[in-house]
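Presented below is the structure to which this report refers.
The values are calculated or read from the model by the stated rules, or taken from the named source; none is laboratory data. Here the structure is a predicted model, which means the values were calculated and not measured. Cβ sites come from the backbone with ideal geometry, for glycine too, and all protein chains shown count toward neighbours.
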Amino acid sequence: MWLHGYVRAQVATLVQATTGEAKSVEGPVVVVTGASRGIGRAIALSLGKAGCRVLVNYARSSKEAEEVSKEIEAFGGQAITFGGDVSKEEDVEAMLKTAVDAWGTVDVLINNAGITRDGLLMRMKLKQWQEVIDLNLTGVYLCTQAAAKIMMKKKKGRIINIASVVGLVGNVGQANYSAAKAGVIGLTKTVAKEYSSRHINVNAVAPGFIASDMTAKLGDDIEKKILQTIPLGRYGQPEEVAGLVEFLALSPAASYMTGQVLTIDGGMVIFYHDGKSLCESSSNYRSFALSYVRAQVATLVQATTGEAKSVEGPVVVVTGASRGIGRAIALSLGKAGCRVLVNYARSSKEAEEVSKEIEAFGGQAITFGGDVSKEEDVEAMLKTAVDAWGTVDVLINNAGITRDGLLMRMKLKQWQEVIDLNLTGVYLCTQAAAKIMMKKKKGRIINIASVVGLVGNVGQANYSAAKAGVIGLTKTVAKEYSSRHINVNAVAPGFIASDMTAKLGDDIEKKILQTIPLGRYGQPEEVAGLVEFLALSPAASYMTGQYVSPILDL
């Protein structure tokens, strides 16, 4: 294989690229999580044979991990094994300490550990969701943070996160997995920005269908259907993924790559991923959509309820609706004739004001105080809407928080609070609302994501991971519910005018506006107009699985 020959012919250069030192008998120190089998095993062997000193992490299969270690040693390399759960902070710290105690440093981290707990969202238990998010996403955060502390001291290192094409395009039965892997991609982009000045390169690899014990057990009919979606007409091999990872981890040619997502999928993604939203470049689109929507209220109601227009409009639940974007959405939909449940977490006074403003326009509104990261609160919220109006036609998942901080100083609590509310909250609300919508085979769900989930942002590793996860979740749920005529889309706002932006100094504001081609902040009402279009317009009835930006931000 050309790549292996290239890498191994330049070991001295490779070691210098990762450690900044001249070649000695000792190669770069690499930690590979989930390395006892499959892709992780192939990566550990590839790097071990290339001269690296490899820590082979495993969760349960110690025998297989020892076999990997022995195979590396048989090629003259060095390897140690470590059993630990990367979703547990204490295990991660102990793992990195083991590598440092053995070899003095960590040069490369490969975040590969992962699990699946597949099932349609409708029947997915919170435990299934949480186990996948904890290991596949929070585990990457914990390992990255711990390894980066070591790398920052010498201002050099490489981190490669194993994501998945499922995080890019979604997959029926894998809402938890697609959310987690999309979150890994968002996290990768933010961490790459945060650590670039310390010469720590952070990239992600997104494999498609890779040959495994699982694929070997598939029947001929299923395999045929899968291969029809892959332009190269075959599964990938674990060694091919390992070769790409080896390049990113060791090659001088990869030293100018950071924040990238490299798919290795036989071309599968080109069948599913258009790479751009439909509306992001049209500055006149919002005004057109608004006038179109409000001129055809009778048709709009019919589109969401399947009934002729009466005094009763569609029933909409808006989470986090007491202020900001959520408030603007609730008001916009209320004024368009919807019956609106205004959800809030703490600010009951502001929520009541939104409700009264809707009623002043002749609309109907009720308020509900509840935490959407709590299953019981979500169930009570949806029950409140059904008790009041008989159904739920539209769900707007807007509730969210920020707990900003550089990854290096971010506490697990900061991370978990954002993931729980901004990502798990969307899963819980979507699942609960969809149960209602599926009975009538009609409904619309709009998730408020963020451009930060698409491009990352320094100081927002948790937020970017969560919002990227929302986009991944959106794509999978759209696929799962399309046959029930439930449209699921996401809106990804950029910098929107708020109390926070009003408090920024002139210098900071000037720098921000220089990154926005339109030269201004967006307005909450602009986001609300786009959401109203997706929620109500017949023209949006053929849109699902999309993420759309209301203005050209970046």
Open item on the list: Suppose the filter is touching a strand residue (DSSP E or B) at 6+ places or on another chain (Cβ under 9 Å) and in contact (Cβ under 8 Å) with a residue 60 or more places away in the chain; does Ala478 pass it?
Closed with: yes
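Could you please find all residues in region 365-385 being of a type in the set (Ser, Thr, Tyr) and touching a strand residue (DSSP E or B) at 6+ places or on another chain (Cβ under 6 Å)?
Scanning region 365-385 gives Thr367, Thr384.
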TODO: Being not in a helix (DSSP H, G or I) and not β-branched (Val, Ile, Thr) is the filter; apply it to region 458-487 and report the residue that is farthest from the chain's Cα centre (by Cα).
DONE: His485
Task: Matching residues in region 248-261 - criterion: being at pLDDT below 90 and part of a helix (DSSP H, G or I) - done: Pro252, Ala253, Ala254
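What residue, among those in region 382-400 that are small (Gly, Ala, Ser) and surrounded by fewer than 24 Cβ atoms within 10 Å (Cβ to Cβ), is farthest from Phe368 (Cα to Cα)? Please lay out each step first, then the result.
Taking region 382-400 and keeping what is small (Gly, Ala, Ser), we get 385, 388, 390, 399-400.
Okay, now just the ones that are also surrounded by fewer than 24 Cβ atoms within 10 Å (Cβ to Cβ), so 388, 390.
Numbers: Ala388: 12, Gly390: 16 Å.
Applying the filter and picking the extreme gives Gly390.
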Open item on the list: For region 162-179, which positions are touching a residue at least 60 places away in the same chain (Cβ under 8 Å) and either in contact with a strand residue (DSSP E or B) (Cβ under 9 Å, 6 or more places away or on another chain) or at positive phi (or both)?
Closed with: Ile162, Ala163, Val165, Val166, Gly167, Leu168, Gly170, Gly173, Gln174, Ala175, Asn176
Open item on the list: Which numbered condition in (1) outside any helix (DSSP H, G or I); (2) under 11 Å from the mean Cα position of the chain (by Cα) is the only one that Ala490 fails?
Closed with: (2)
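For residues that are within 28 Å of Glu532 (Cβ to Cβ) and of a type in the set (D, E, K, R), scanning just region 375-424, find the one that is farthest from the chain's Cα centre (by Cα).
Asp387
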- [ ] Identify, from the list Asp553, Asp507, the residue that is in the same structural domain as Thr402 (by TED's automatic domain parsing) and modelled with pLDDT under 90.
- [x] Asp507
Open item on the list: Being surrounded by fewer than 24 Cβ atoms within 10 Å (Cβ to Cβ), part of a loop (DSSP other than H, G, I, E, B), more than 28 Å from the chain's Cα centre (by Cα) and among the charged types (D, E, K, R) is the requirement here; does Glu26 meet it?
Closed with: yes
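Scan region 200-219 and give yes if some residue there is surrounded by fewer than 17 Cβ atoms within 10 Å (Cβ to Cβ) and at pLDDT 90 or above, otherwise no. Write out each step before concluding.
Let us first name the residues in region 200-219 that are surrounded by fewer than 17 Cβ atoms within 10 Å (Cβ to Cβ), namely 211-219.
Among the residues that remain, those that are also at pLDDT 90 or above are: none.
No, region 200-219 contains no residue that is surrounded by fewer than 17 Cβ atoms within 10 Å (Cβ to Cβ) and at pLDDT 90 or above.
What tally of residues in region 214-243 results from selecting those that are more than 12 Å from Asp265 (Cβ to Cβ), touching a residue at least 24 places away in the same chain (Cβ under 8 Å) and in a helix (DSSP H, G or I)?
Within region 214-243, the subset more than 12 Å from Asp265 (Cβ to Cβ) is 214-225, 227-228, 233, 237-239, 242-243.
Retained after the next criterion (residues that are touching a residue at least 24 places away in the same chain (Cβ under 8 Å)): 233, 237-239, 242-243.
If we keep only those that are in a helix (DSSP H, G or I) as well, we get 238-239, 242-243.
So the answer is 4.
The rows are residues; the columns are (1) of a type in the set (Asp, Glu); (2) surrounded by fewer than 24 Cβ atoms within 10 Å (Cβ to Cβ); (3) modelled with pLDDT of 90 or more; (4) not assigned by TED's automatic domain parsing to the domain that holds Met438.
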residue: Arg294; (1), (2), (3), (4): no, yes, no, no
residue: Pro314; (1), (2), (3), (4): no, no, yes, no
residue: Val317; (1), (2), (3), (4): no, no, yes, no
residue: Arg323; (1), (2), (3), (4): no, yes, yes, no
residue: Gly326; (1), (2), (3), (4): no, no, yes, no
residue: Ile329; (1), (2), (3), (4): no, no, yes, no
residue: Glu357; (1), (2), (3), (4): yes, yes, yes, no
residue: Phe368; (1), (2), (3), (4): no, yes, yes, no
